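Student: Sharing a structure with you now.
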Amino acid sequence: MTSSRLFLARHGQTTGNVAGVLRGVDSQHDELTAEGHAQAQALARKLAALNLDSPRVYASTYIRTQQTAAPVAELLGVPVTVLDGIQEIDPGDWRGRPYSDLKTGFGELIGPGDSISFPGGESQRDVADRFEAALQSVLNLPGTPIVVSHGGALTSILIRLLRVPVVESWRSDRFAQANAELTELVQTTDGLQIRQSDEKSEGI
């Protein structure tokens, strides 16, 4: 790993977030709300204030992450690179269900061997596999990568990178991120570790 720091951010608010409904790939063209754009601008200012070494900005194939990344990239004077593999988790048969079902129906998602999986959709392991593969080229380049992704996908990759229990971490919302929230990971002798993160919230 060439990069010693990795920043992971969730996209800004969308109407889907306001509605609180799981939509999966149906939401790939969702755009940011006015509040979401304001959150993206605030995220850009926060990252610019860090004076990062050779920052590189990445976004998923979904419109909302690209709109969130755009002001970040503009303020840092770099382009946005669209990165396949870091898009939101596919909720499968849960598409159309409210976020609240992630609490009340959580038991339906638990599988064997400390696993979480959406029936007819993706598992945490599926998402972590594709996200981790996408990060390989990103982390092997010099500079500081900033990756704008999605709540469920970020939870999945953080569980993988930090090597923590899957069910316990997902159930506790340990890695749930608010819209445009930023989490910094640093490389240590024990692997990647969280340096700082903001207040947590629910929903993907």
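Student: I'm spelling it out carefully: the read-out is P(r) over Cα pairs in 10 Å bins from 0, in percent, the candidates are (1) 7, 19, 17, 16, 16, 9, 6, 7, 3, 0; (2) 9, 39, 37, 14, 1; (3) 7, 28, 30, 14, 7, 6, 5, 3, 0, and one was derived from this structure. Which label?
Tutor: Evaluating P(r) over Cα pairs in 10 Å bins from 0, in percent on these atoms matches (2).
Student: With both partners inside the chain, how many of the DSSP beta bridges are antiparallel, as a percent to the nearest 5?
Tutor: Values: 16 of 28 bridges.
Rounded to the nearest five, the antiparallel share is 55 percent.
Student: If you don't mind, there's one more thing I want to ask. Would you please give the residues with an amide H less than 5 Å from that of Arg10, counting only those at least 5 places away or on a separate chain, with H modeled from the backbone geometry?
Tutor: For Arg10, whose amide H was placed from the backbone, the distant partners under 5 Å are Ser149, Ala180, Glu181.
Student: Please list, ordered by chain and number, the residues whose modelled amide H lies under 5 Å from the amide H of Thr61; skip anything fewer than 5 residues away on the same chain.
Tutor: Correct list: Leu83, Gly85, Ile86, Gln87.
Student: Hey, what number do you get for the chain at 222 nm if only DSSP H runs of n ≥ 4 count, each worth -39500 (n - 2.57), divided across all residues, to the nearest 500?
Tutor: Numbers: 7 runs with 72 residues, N = 204.
My calculation for the chain gives -10500 deg cm²/dmol from helical runs alone.
Student: Okay, moving on. Note down the relative contact order for the chain as a percent, whole number, built from C-alpha pairs under 8 angstrom at least six residues apart.
Tutor: Values: 426 pairs, mean separation 62.6, N = 204.
Once divided by the residue count of the chain, the mean separation gives 31 percent.
Student: With axes computed from alpha carbons, what is the tilt in degrees of helix 124-139 against the longest principal axis of the chain, rounded to the nearest 10 within 0 to 90?
Tutor: Once rounded, one gets 10 degrees.
Student: With unit charges on the beta carbon (Lys/Arg positive, Asp/Glu negative), name the residue among Leu109, Gln136, Ala176 whose Cα is farthest towards the positive pole of the charge dipole of the chain.
Tutor: Gln136
Student: Please report the spacing between the Cα centers of the range 126-166 and the range 3-51 in Å, no decimals.
Tutor: 16
Student: Tell me the carbon and sulfur percent of the accessible area for the range 40-152, rounded to whole percent, probe radius 1.4 Å.
Tutor: 52
Student: How large is ³J(HN,Hα), in whole Hz, for each residue of the range 26-43 in order, when computed from phi with the Karplus curve 6.51 cos²θ - 1.76 cosθ + 1.60 and θ = phi - 60°, using x for Gly and Pro?
Tutor: My calculation for the range 26-43 gives 4, 9, 4, 9, 4, 9, 5, 6, 4, 5, x, 5, 5, 5, 5, 5, 5, 4 Hz in order.
Student: How large is the dipole of the chain about the Cα centre if only Lys and Arg carry +1 and Asp and Glu carry -1, each at its Cβ, rounded to the nearest 20 debye?
Tutor: On the way: 18 positive and 25 negative charges, 75 e Å.
Magnitude of the dipole: close to 360 debye.
Student: Given Gln66, Phe118, Gly36, which one lies farthest toward the positive end of the charge dipole of the range 36-127, if we put +1 on the Cβ of every Lys and Arg and -1 on the Cβ of every Asp and Glu?
Tutor: Most positive-ward Cα: Gly36.
Student: ³J(HN,Hα) across the range 9-17 via Karplus (A = 6.51, B = -1.76, C = 1.60, θ = phi - 60°), whole Hz, x for Gly/Pro?
Tutor: 10, 8, 5, x, 5, 10, 5, x, 5
Student: Also: Solvent-accessible area per residue for the chain at a 1.4 Å probe radius, Å²?
Tutor: On the way: 8800 Å² over 204 residues.
Per-residue accessible area for the chain comes out at 43 Å².
The values are calculated or read from the model by the stated rules, or taken from the named source; none is laboratory data. Values in this document were obtained by computation on a predicted structure and should not be read as measured data. Ideal geometry is used to build each Cβ from the backbone, glycine not excepted, and the neighbour counts take in all protein chains shown. Heavy atoms of the whole protein, side chains included, go into the accessibility calculation; ligands, DNA and RNA do not. Shrake-Rupley method; radii C 1.70, N 1.55, O 1.52, S 1.80 Å.
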